Amino acid sequence: MHFSIFEIGMLVGFGFAWPVNIYKSITSRTAKGKSVVFLWAIWLGYVCGITHKILYSRDIVLALYLLNIAMVSGDIVMYYINRRRDRAAGWIIRK
């Protein structure tokens, strides 16, 4: 099996950032300052990486992609929970 140390480095680097992001989402209890478009773009990027790994390059790095997409998914869920809280508090006007 052949894998890239640079790909692993990228995924580990992002992997350390997501728990901090999720913690901030949980403790702030607001969606202010978050970009759901950014979160979905990152999520889509991980889906592409996972797809590539499954189709062309199955190796242990797939586990890092799956861990990262799980964390991004958690942050996306927290965004929608916090947006609902913001709406209930009157901070977001319903369209």
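The values are calculated or read from the model by the stated rules, or taken from the named source; none is laboratory data. Computed from a predicted structure; not experimentally measured. Cβ sites come from the backbone with ideal geometry, for glycine too, and all protein chains shown count toward neighbours.
Below are the figures for this structure:
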| read-out | value |
| --- | --- |
| Every residue from segment 32-49 that is in contact (Cβ under 8 Å) with a residue 12 or more places away in the chain and either in a helix (DSSP H, G or I) or exposed (fewer than 13 other Cβ atoms within 10 Å of the Cβ) (or both) | 32, 36, 39, 40, 42, 43, 46, 47, 49 |
| Any hit, segment 2-11, residues being exposed (fewer than 11 other Cβ atoms within 10 Å of the Cβ), out of contact with any Ser or Thr (no Cβ under 7 Å at 6 or more places or on another chain) and hydroxyl-bearing (Ser, Thr, Tyr) | no |
| Residue in segment 77-89 that is in contact with a Lys or Arg (Cβ under 7 Å, 6 or more places away or on another chain), free of Cβ contacts under 8 Å to residues at least 40 places away in the same chain and not polar (S, T, N, Q) present | yes |
| Filter result (under 22 Å from residue 64 (Cα atoms) and either of a type in the set (Val, Ile, Thr) or more than 15 Å from the chain's Cα centre (by Cα) (or both)) within segment 16-35 | 20, 22 |
| Residue in segment 44-54 that is more than 18 Å from residue 6 (Cβ to Cβ), at pLDDT 95 or above and among the charged types (D, E, K, R) present | no |
| In segment 50-89, residue nearest to the chain's Cα centre (by Cα) [restricted to those that are surrounded by 15 or more Cβ atoms within 10 Å (Cβ to Cβ), of a type in the set (Val, Ile, Thr) and farther than 16 Å from residue 39 by Cα] | 50 |
